[in-house]
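Single-structure report; data block below.
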Amino acid sequence: MLKTLRQIAIIGIATESPPPPDDSLSVREALHERIRHLLGRALCIRHVDAGSCNGCELEIHALNNPLYNLEGLGIRFVASPRHADLLLVTGPVSKHMEAALLRTYEATPDPKLVVALGDCGCTGGVFGESYASRGRVANVVPVDVAVPGCPPTPTRILQGILAAAGATTSFKGREGHPSIRS
């Protein structure tokens, strides 16, 4: 033990240099400021489950965990479509959810954005169009951004939301909005 203490006294305290600043923190701050600049407030999302298997919903819930921290970016979910800027629609639109989706879309104030989520929301998935399903979301309401995947990862969902939010500066109409394609 005495030998170890002498060695420490001779060498002195050796430490590592501090780590460089995390670039993701500056990206997060810039993104938050951009959303505030575009909208003047938080981006409000109303989620509509039009008949999904809940796989996409699990990934949407992951967006609220500390890793993705959606609220920290200035993006939040709201309960009323009257407070929403963006509709996040999952699943193929079932026959019984068609009227509810249309009412939600009409209740959302203009300019409104729609993100279709998952393979079922983008293409109808394995359900397609049948007596019980209207198929993809675009068959019922206009879609601005489509995010495919079964289910899409939280990162892909966030990319789709941000692509739609980036389109809020133009409001040129449906053809002017970006799409997320795999």
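The values are calculated or read from the model by the stated rules, or taken from the named source; none is laboratory data. Just so you know, these numbers come straight off a predicted model, no measurement behind them. Virtual Cβ from ideal backbone geometry, glycine too; neighbours counted across all protein chains shown.
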Q: Could you list, in sequence order, all residues of segment 39-52 that are assigned to a loop (DSSP other than H, G, I, E, B) and in contact (Cβ under 8 Å) with a residue 60 or more places away in the chain?
A: 50, 51, 52
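What about residue 71, is it under 16 Å from the mean Cα position of the chain (by Cα) and surrounded by 14 or more Cβ atoms within 10 Å (Cβ to Cβ)? I'd like the intermediate steps shown before the answer.
Numbers: under 16 Å from the mean Cα position of the chain (by Cα): yes; surrounded by 14 or more Cβ atoms within 10 Å (Cβ to Cβ): no.
No; evaluated as a whole, the condition is false for this residue.
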Q.
Tell me yes or no: at least one residue of segment 160-174 is among the polar types (S, T, N, Q), outside any loop (DSSP other than H, G, I, E, B) and at pLDDT 85 or above.
A. no
Q: Tell me, yes or no, whether segment 95-103 has at least one residue that is touching a strand residue (DSSP E or B) at 6+ places or on another chain (Cβ under 7 Å), surrounded by 19 or more Cβ atoms within 10 Å (Cβ to Cβ), farther than 20 Å from residue 166 by Cα and modelled with pLDDT of 90 or more.
A: yes
(Q) Taking the conditions exactly as written (of a type in the set (A, V, I, L, M, F, W, C), touching an Asp or Glu at 6+ places or on another chain (Cβ under 9 Å) and either under 30 Å from residue 131 (Cβ atoms) or at pLDDT 90 or above (or both)), does residue 50 satisfy them or not? (A) yes
